1. Could you give each residue of region A:349-361 its phi-based ³J(HN,Hα) in whole Hz, using Karplus coefficients 6.51, -1.76, 1.60 with θ = phi - 60°, and x for Gly or Pro?
2. Hey, can you list the DSSP H helices of chain B whose Cα span along the axis is 27 Å or longer and whose average Kyte-Doolittle score is at least -0.5?
3. Hey, which lysines would be in cross-link range of A:Lys336, C-alpha to C-alpha under 16 Å, not counting anything within fewer than 8 residues on its own chain?
4. Can you pull out the GluC sites (Glu not before Pro) in region B:222-305 whose DSSP state is coil and whose Cβ has at most 11 other Cβ atoms within 10 Å?
5. State the percent of C-alpha pairs, over all pairs in region B:5-57, separated by a distance greater than 14 angstrom.
6. What is the magnitude of the charge dipole of chain A about its Cα centre, with +1 placed on the Cβ of each Lys and Arg, -1 on the Cβ of each Asp and Glu, and no other charges, expressed in debye to the nearest 20?
7. Out of region B:101-141, which GluC sites (Glu not before Pro) are coil in DSSP terms and have no more than 16 other C-beta atoms within 10 Å?
8. Assuming a ≥ b ≥ c are the square roots of the Cα gyration tensor eigenvalues, decide whether region B:110-228 counts as rounded (a/c under 1.5), prolate (otherwise, with a/b larger than b/c) or oblate.
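Each value in this text was obtained by applying a stated rule to the coordinates, not by laboratory testing. Being a predicted model, the structure only gives us computed values, none of them experimental. No Cβ is skipped: glycine too gets one built from the backbone with ideal geometry, and neighbour counts run over all protein chains shown.
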Amino acid sequence: MEFTVRACSGHGRVGSLRLASGLEFETPSLLMITRRGLPVVIPPEMLMDLHPDSRACQFTPMHFLEDPLAAVVAKAGGVHKLASLTGFAMVAVARDSLGNEIAGEEASNLGASFETSSGRRIVGLEKYMEVVNACKPDLWVSLPDEVPHWVPEKRNRESVDHTSQWLDHCLSLQHAEHGNRCLGVVVGAGSLEERARSAEQAATRNVAGFSLAGFGLGEDVAQRGFHLEVAIAKLPNDKLRHVCGLGSPEEVLQAVGAGIDLLDSTYPYMLTKECLAMTFPLKMEVPLRNADRDMQPTPDHGVASGFSLAKVNLRSATYGIDETPLVTGCKCYTCKRHTKVYINQLLNSNETLAQTLLEIHNTYHYLEFFKAIRESIKADKFHEFRTWFTSQRVFGMTYDVSESFVA
Amino acid sequence: MLGISPSMALRFEVLARHNRARASRLTLPHYEALTPLFMPVGTQGTIKGLTNDQLEDLDCQIILGNTYHLALRPGADLLDTIGGLHKFMNWPRALLTDSGGFQMVSLLHLADITEEGVTFQSPVDGKPMLLTPEDSIQIQNKIGADIIMALDDVVKTTTTGPRVEEAMYRTLRWIDRCIAAHSRPHEQNLFGIVQGGLDPQLRDICLEGLVARNLPGYAIGGLAGGEGKDAFWRVVAQCTAGLPEDKPRYVMGIGFPLDIVVCTALGADMYDCVYPTRTARFGSALVSEGVLRLTHAAMATDYRPLDSSCTCMVCKRYTRAYLHTLVTKEAMGSQLVSYHNISHMMQLSRNLHSSILEGRFPE
């Protein structure tokens with residue numbers, strides 16, 4: 001596996017990541033969500049051609065802990081073969097993207113509490129690595145003791161210690177022939193010192209990269225910025241950085257701005273579930289609103305539900321029957337073939353095809369967003385891009401396909 | 001070979017026969033289909049989560065849309081404004097719509113049949129409403145499918161007594177009203193539906209009456225409702241014998257592979273049923289040996305594909321064991337099984353056509 005930084009803009013960077021399998025792609029990159037190895041609603045055979053960059057997925061080892069799926073994935077020879085996604089990057093992330101929040105429960109030396117396919121339970125090191133090794137991911141996150149920012153100091157310190165010990169333990173249990181694929185976890189949620197300590201410890205380990213944890217748990221946005229900065233300052237420049245729990249456009253921009261290379265995000269799917277189509281513009285045609293807007297990111301109202309505040313009601317009673325695609329000019333499968341009125345009627349009739357078509361578009365649009373981010377970094381205009389994007393978000397960036405459009 | 005007559009919008013050419021079975025080419029306004037064929041049922045015009053590309057990959061030639069559901073949502077007038085269901089869905093191949101009558105009678109509260117039409121309670125506001133033969137045809141004209149079905153008076157095969165006769169004669173009276181109301185005979189083919197229950201004499205009368213109207217095609221209705229297999233096949237045999245050789249014959253509501261094979265042997269060409277997609281939702285896959293229940297515990301360690309003779313995307317990529325872990329837990333599970341089940345039915349259609357064509361149908 002090789003990771004090379006190609007361009008920088010502030011702390012943001014574009015890199016090229018070449019996996020042991022030969023697959024190569026540019027970062028910052030979006031990892032698409034899977035469940036039990038497959039996309040949630042997108043037909044698997046459509047995934048390859050969905051978008052030029054639709055090659056990288058996340059999956060949760062916690063779903064593969066028990067039989068029969070544990071035996072099935074081992075017998076298949078890994079998650080790529082199981083799900084017939086050879087040619088894709090499959091990244092194992094311990095945290096369940098669609099699952100419940102992390103509560104910071106007590107953890108022992110041997111394992112922590114996770115949401116698995118059979119409910120919440122303690123997952124231990126041996127079991128975790130057994131599953132990781134059976135799945136044969138391209139990259140995998142070490143077992144984290146992830147806690148939210150509001151836990152007591154003592155618990156936070158303990159989480160840093162556990163995470164570091166478990167990183168070493170995971171490394172000792174990884175299969176040698178898979179080479180270096182571990183993303184060492186960095187925690188420390190409540191305290192910048194602990195965050196730095198966790199990062200320092202992880203930085204000395206022989207890992208492929210790092211996974212920053214403890215975010216997307218209701219923390220203050222400015223605090224998050226400091227934590228990202230403090231952690232990344234301790235990490236070597238030439239290794240990959242992943243963050244889990246951050247997925248909305250503003251979160252992505254904040255993370256990329258701090259130096260993150262990989263994010264798994266449920267943002268497209270969250271929109272799809274709410275019958276929203278992603279429509280935000282991707283090109284800086286609109287001039288900057290406040291040229292001297294400060295470096296702080298705009299407050300994000302409710303990190304977890306930022307998207308729902310940006311709804312634009314294009315109620316077509318005014319416009320008649322709308323036979324335009326979700327986004328005019330969008331080259332995704334859905335927009336090339338179907339109209340707003342059709343998808344609207346599918347939704348109103350509870351047809352699952354609506355979810356499929358929306359998810360294809362939303363995923364495509366988000367991959368285009370990541371591409372725009374990379375282009376802005378290459379042009380050394382990331383700061384401008386981020387400022388432009390966050391300023392025009394105020395005017396609403398999604399289209400509600402469930403609202404009826406016929407007068 | 002029959003040329004296109006003024007009241008038809010199709011061409012039907014029998015390419016080969018084996019006894020009573022035929023392999024034919026059915027040329028419709030939107031598509032040139034090969035029969036025998038199975039038509040998946042798409043309620044609103046979509047088949048349970050499958051995209052148009054997937055349906056084309058699966059070789060679906062004609063898809064069935066339910067007039068009742070389409071009239072409710074998105075509504076006939078909207079479809080008319082847009083230019084028809086083909087355009088609305090962006091489906092480049094053929095479509096068939098039913099009359100709406102059967103769905104109303106089975107789905108709606110207090111649906112009743114009178115000489116005027118089907119009376120029912122509006123599902124929107126409970127007001128009494130009426131669907132006449134004229135209404136059904138007008139709605140279907142707006143939807144724009146290649147084949148439209150006459151509104152018939154359909155009774156369950158388990159019904160006995162004078163109601164069966166009444167329904168049969170009414171069906172004949174209604175076909176004339178349907179023909180009169182049909183405003184697009186050059187673009188849409190109106191099929192008549194043979195009724196008469198299990199009574200051979202009633203069936204004969206209906207056959208004669210419909211054949212005399214010189215319609216582009218005919219359906220055999222009122223079956224697949226609880227009658228015994230012998231009775232079912234006897235009625236199909238009688239009807240195919242009484243229908244013209246040079247027009248397509250459609251047995252409605254048939255989806256079990258065995259039934260399709262037998263009806264084909266008896267001279268039928270077209271079939272439709274919700275069975276393949278409905279059974280997929282319960283985790284059942286259609287395979288050459290019969291029906292595979294994926295929820296069964298034994299599937300957890302079965303590493304074979306669903307059907308070793310199937311070449312569909314699902315059988316090429318996934319094992320029974322993996323699908324077993326998906327079916328009750330992820331929406332993707334039943335989507336994949338639906339995909340395979342439709343593939344199975346399309347493969348069956350292709351096999352029937354080519355085996356008759358190549359003279360090896362009995363196998």
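1. Coupling constants for region A:349-361: 9, 6, 8, 5, 4, 4, 4, 4, 5, 5, 5, 4, 5 Hz.
2. Numbers: long enough: B:162-181 (28 Å, -0.31); B:331-357 (39 Å, 0.05).
Membrane-span-like by this rule: B:162-181, B:331-357.
3. B:Lys87
4. Hits after loop and neighbour filter: B:Glu289.
5. Working: 908 of 1378 pairs.
Value for region B:5-57 (Cα pairs over 14 Å): 66 percent.
6. Numbers: 40 positive and 49 negative charges, 142 e Å.
Result for chain A is approximately 680 debye, rounded to the nearest 20.
7. Here the GluC sites (Glu not before Pro) that fit, given the DSSP loop and packing criteria, are B:Glu115, B:Glu116.
8. Details: a/c = 1.90, a/b = 1.10, b/c = 1.72.
Taking the square roots of the gyration eigenvalues as a ≥ b ≥ c, region B:110-228 is oblate.
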